[in-house]
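Below is one structure, written out as structure tokens, with a few remarks after it.
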Amino acid sequence: MDNPLNHAYALSSIFTRYKRIHDKVFNFSIASPIRVSGRSSLEPLRAYEQELSSLRKELGAIQEQLSVLEKQKARQKTTEGEVLDVVTEYTNALSETIDQLQYIFRNLRLEYAGDEALLGYRENEYREDCAAYDDSIQEYRRLGLKLKAAFENR
């Protein structure tokens, strides 16, 4: 994958699978997902967490490939180099978003499982984590628009 467009296609596939998880969990509001479900959410949380881990690994491989491409481009100010920069930024933002969601799922799963360290994952901590997750969503959306514009100007 030496073309930024190829990476964008791979990112689109990863994003689609991530978004499917997000939509299952946060149907109406980021503030009121599966938290109310209690222990019955333990298995879905575990499955979502594993799927997010898999997506994160795929993103890590793309990040490594983009890093190699960045070094090869050696700061060329070509249109392709600019697209590569935006693809890299978007990849990092999507990766951060997946990390945030995985962190929330992990904490909820451990709380539901009775883990002493997270017993009583406090509502304010949960809301802070959801706010950080929402911020990361806004960032990848912003960069997604930037990426779309970069490909249109190519």
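Could the peptides 98-109, 135-146 be put in order, highest first, of the mean number of other beta-carbon atoms found within 10 Å of their residues? Spell out each step's value before the answer.
On the way: 98-109: 20.8, 135-146: 15.7.
Result, highest mean Cβ count within 10 Å first: 98-109, 135-146.
Stretch residue 23-residue 127 to full length: gain in nm at 0.36 nm per residue minus the Cα-Cα span?
35.6 nm
Any read-out appearing in this document is the output of simple, stated calculations on the displayed coordinates, not a laboratory observation. A quick note: this is a predicted structure, and the numbers were derived from the prediction, not measured. Neighbour counts run over all protein chains shown; Cβ positions are idealised from the backbone, glycine included.
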